[in-house]
1. Sum -39500 (n - 2.57) across every DSSP H segment of at least 4 residues in the chain, then divide by the residue count to get the 222 nm mean residue ellipticity, nearest 500.
2. Please identify, among Ala323, Ala182, Ala243, the residue showing maximal mean-square fluctuation in a Gaussian network model of the chain using a 10 angstrom Cα cutoff.
3. Can you pull the one-decimal nm distance between simple spin-label points at Arg309 and Asp421, each 7 Å off the Cα toward Cβ?
4. Just to verify a number: FRET efficiency for Arg158 and Val19, C-beta to C-beta distance, R0 = 51 Å, to 0.05?
5. What size of dipole, in debye to the nearest 20, comes out for the chain about its Cα centre when the only charges are +1 on Lys and Arg C-beta atoms and -1 on Asp and Glu C-beta atoms?
6. Let me make sure I get this right: for the range 104-175, a, b and c are the square roots of the gyration tensor eigenvalues over alpha carbons, sorted descending. Under 1.5 in a/c it's rounded, otherwise prolate if a/b > b/c, else oblate. Which is it?
7. Taking a threshold of 26 Å on the Cα-Cα distance, which of the pairs Lys154/Lys361; Lys14/Lys361; Lys14/Lys154 fall above it?
8. How much net charge surrounds Val61 when only the other residues with a Cβ under 13 Å from the Cβ of Val61 are counted, with Lys and Arg +1 and Asp and Glu -1?
Amino acid sequence: MSNRYLEGPFAPVKEEVTVHDLPVTGRLPADLDGRYLRMGPNPLGVEDPASHFWAFGAGMVHGVRIRDGRAEWYRNRWIRSAEVDDALRRMERGQEPGFVVPSPNIHVIGHAGRTYALIEGGGLPHELGKDLDTIGPCPLGSTPEGFSANAHSKVDPRTGDLHSLAYLMGQPFAQHIVTDAAGTVTRAANIPLQGPQTPFLHDFALSQNYVIVFDIPLVFTMEAMSFQWDPGYQARVGVLPRAGGAVRWLPVSPFYVSHVLNAHDDGSTITVDLIRSDGPVDIADPGAIEPTLDRWTIDPAAGTVDQRRLDDRAQDFPRVNDAFASLPHRFGYSAVTPVYGTPFPLDGPHPDESFTNALVKHDLRHGTTEVHGFARDAAVGEATFAANPSGGGDEDDGYLMAYVADPDRGASDLVILSAQDFTGPPVARVHLPVRVPLGFHGNWIPDN
């Protein structure tokens, strides 16, 4: 039986590649100096395609090094573990790789001058070298209780601290972990959960004064050994003061949150912009939902959560200029990808067959959007914001970077858009020699 997450734009690649001096259409900004890195699952072997789900597989990082107006290299590398190394050796001998426990495959970040590949649910982060080689598992955010930095760890731009919301299957609590700019854990606060199931705590929100936790009905059951939607589970939003104190739980109607754009607060009410959808949700088929961009206004003292829709078109992978993470923001960016097979009109209603891959810029102050569309088969993933090093610090003064499939070449491009000329032609297209499968999350990691 076929599986859409093993085919087309999701299909894994089979080898590691290194190419120098990549061709570029347009002109790379001369002052961009760093690496654009993005993570995703790239399974080595699949025992049963019918039961395979997207997030299960050895992690692979894809990266482009940019400096002095040149794309110096492209590299893709599996995140190496003992199991991954053994599977690769078997493949070299012409044998089946067999079952491989996933190595970190969800996110790649820079913190404390180092690069980390992240996973969730108890897996250790792995440190990567500058050329994307795997240095090995590391204790980023590790606590005595066995928790460590999770997949959606967030840096507070005011302090440089890394905030994580970590969970372990079967544990009756999660942890909010703070790791300072030197890599030392300075805080680990326990967050009691409902139990006996463990909720899917994939992402969380961070504002100036609070950590916001989404306790959703997608829960891990030991009987099924997987995440299942539990219609009897009470959905809640937890508000944890960053300065210390107990979490305040606010009950809400059942929902599923995939990712958070950003959050901020005024000391009393909290504003959270997030991608949400209604349940039920099948973890093996994340594309079956229709996620939308919503704004929640939370008043912990009054015990209220006001929800309203910002954009009802299916979209995901929201990002913000990270200099405004946990602070008031005006702009947000999201992706319309083949993960969700629903029509997304560029301008007004169109028939279903006109579905277009796109990146979207949201002006949340004025309630407007701009859409940069791509060809029907040009699968686009998450876009990352890279600030203009020569700019004045305006929120949208920078670039959006994303891997986009080029079906005519059978490969992918790194597309760089001006955030302030979002619908205009790309500033540059870096032409990669191979295809980059649709994946999850990444970052622009500057070297200066």
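1. Details: 1 runs with 11 residues, N = 448.
It comes out at -500 deg cm²/dmol, rounded to the nearest 500.
2. Maximum among the listed residues: Ala243.
3. Between Arg309 and Asp421, the simple spin-label model gives 3.5 nm.
4. After rounding, the FRET efficiency stands at 0.85.
5. Once rounded to the nearest 20, the dipole reads 580 debye.
6. On the way: a/c = 2.13, a/b = 1.33, b/c = 1.60.
It is oblate, given that a/c is not under 1.5 and a/b is not larger than b/c.
7. Values: Lys154/Lys361 21 Å; Lys14/Lys361 34 Å; Lys14/Lys154 31 Å.
Beyond 26 Å between Cα atoms: Lys14/Lys361; Lys14/Lys154.
8. On the way: positive: Arg35, Arg38, Arg65, Arg75, Arg77, Arg80, Lys130; negative: Glu16, Glu127, Asp131, Asp133.
Result for the neighbourhood of Val61: +3.
The values are calculated or read from the model by the stated rules, or taken from the named source; none is laboratory data. Predicted, not measured: the structure shown is a model, and the values here were computed from it. When we count neighbours, we look across all protein chains shown, and the Cβ atoms used for this are built from the backbone with ideal geometry, even at glycine. Surface areas here come from the heavy atoms of the whole protein model, side chains and all, with no ligands, DNA or RNA. Shrake-Rupley method; radii C 1.70, N 1.55, O 1.52, S 1.80 Å.
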